[in-house]
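What follows is calculated from the coordinates using simple rules that are stated; it is not laboratory data. Computed from a predicted model, the values in this text were never measured in an experiment. Using ideal geometry, Cβ is built from the backbone for each residue, glycine included, and neighbour counts are taken over all protein chains shown.
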Amino acid sequence: MTVQVSPNSLDNYWMPFTANRDFRQDPRLLVRAEGVSFWNHRGDRLLDACSGLFCVPLGHGRREITEAVATQLATLDFAPPFQYGTPGAFELARRVAALTPNGLDHVFFTNSGSESVETAMKIALAYHRANGEPQRQRFIGRERGYHGVNFGGISVGGMVKNREAFGSALPVVSHLRHTHLDANRMTPGQGAHGADLADDLQRFVDLHGATSIAACIVEPVAGSTGVLVPPKGYLERLRAICDRHGILLIFDEVITGFGRLGPAFGAQAFGVTPDIMTMAKALTNGAIPMGAAVFRNEIHDTIVNSAPAGTIELFHGYTYSAHPAACAAGNATLALYESEGTFAQGAALAPYFQEQLFALADLPVVRDIRGLGLLGGIDLAQGEGPGTRGYETLKRLFAAGLVTRVTADTLILAPAFVMARDDVDRLFETLRDVLGTI
Ligand code: PMP
């Protein structure tokens, strides 16, 4: 399929996280997707190396999902989610709760990862108020964390570029140091060094007082800033400090959720149970925007039981929370994950993927490689300025037939769990060809 693009058809759409002016010179338009492939407007086939944007473990265009959505829209296209319920929402909440660790059984639906983070942060505050500790208002985030682009998320997040144009955002936030250590360079999986970085949380407790801190939020593996795998013992230590001081631990599992690291969530992959988890993306295999935040039962019960009977317990929600089409996509997706053993399929592919990933270490332009499960990050030597080499590489990879994600000078790979070994080979051959000439 070829699609005509006239220059002025690019005039009105302000593209997110994109070099808009540069894009016009040579637009990268994607017009069709199936399995692990995209097609551009010229009809060229490209390999999807990042599951869209970490969204499609099952590959693109699964009929079971698109048909479930079409049927749902024809039956009940929309219903108000406030004071009314639709069956798909209850079913999806049950399915999600069955995948999260025991004791996290209460699911709040949103439309994105960013909204899931805001929901998690607001409910953390509401919990402490309901629990008689309204002074717990401080959030602890982490350098190089990514928690979406809303005000709460950019405040606890640690990507400077995402904050600097927008002023100071939330005032009462501290950041742990990030976990990207030279001592763990080129180490597959979890590094041996740096668990003590979690003690930064104890330092904030000492500095601000434990009873001023509401929650600590981290991604189990920081994804968008280049796949920073936590050192061994790090998450365990964060959990222990939170327990000691009544601080809620939030895992932002927007990327790590739904099997990316093997088990359903990072929580199970690392054997550390948070109090709140956020998710999105693979919840619907990317087909319809949807996110969720899942809460430990005590958080839910404390808030709900503190309100008089018969009244609304939590003044929070979105018009499109639990949208029927999104629930249909979510239910069809989670049913496929179960019936097809998708997480196990991903886990079976992961060692091969990781082996190929770390085999790129001999290329002169490659400075560091990190990876776990079906997630990989490759740091490139900086070019003329920060990010220029990354962006040039993205363009060259696209020309060579790969759609991937670049953050500054780091390439990120996150294949669909259904990717065949031949396609993994093609992915790394293309990478080797392109990176070898840089
Ligand atoms: N949290 C994490 C960990 C993410 O990776 C992302 C998106 N990559 C978000 C939040 C934000 O999600 P969204 O773009 O759907 O708002």
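At a glance:
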read-out	value
Residue (of Leu10, Met290, Thr278) at the positive-pole extreme of the chain, dipole from beta-carbon charges	Leu10
Signed unit charges on C-beta, dipole axis of the stretch 394-438, positive-most listed residue Val406, Thr437, Ala416	Val406
Highest-MSF residue in the chain out of Thr187, Thr278, Thr410 [GNM, Cα springs under 10 Å]	Thr187
Rounded to the nearest 20 debye, dipole of the stretch 65-340 from Cβ charges on Lys, Arg, Asp, Glu	540 debye
Three-way shape call for the stretch 228-348 based on the alpha-carbon gyration tensor, with the a/c threshold at 1.5	oblate
The chain: calculated mean residue ellipticity at 222 nm from DSSP helix runs of at least 4, using -39500 (n - 2.57)	-11000 deg cm²/dmol
Sites Ala98 and Tyr352 - FRET efficiency at Förster radius 25 Å, r taken between beta-carbons, to 0.05	0.30
Antiparallel DSSP beta bridges within the stretch 65-340, percent to nearest 5	45 percent
Ranked packing of 341-354, 70-83, most packed first, by mean Cβ within 10 Å	341-354, 70-83
Share of pairwise Cα separations in the chain, more than 28 Å, in percent	50 percent
Size of electric dipole in the stretch 5-80: Cβ of Lys, Arg +1 and of Asp, Glu -1, about Cα centre, debye, nearest 20	180 debye
Extension gain from Ser339 to Val160, taking 0.36 nm per residue of separation minus the Cα-Cα distance	60.3 nm
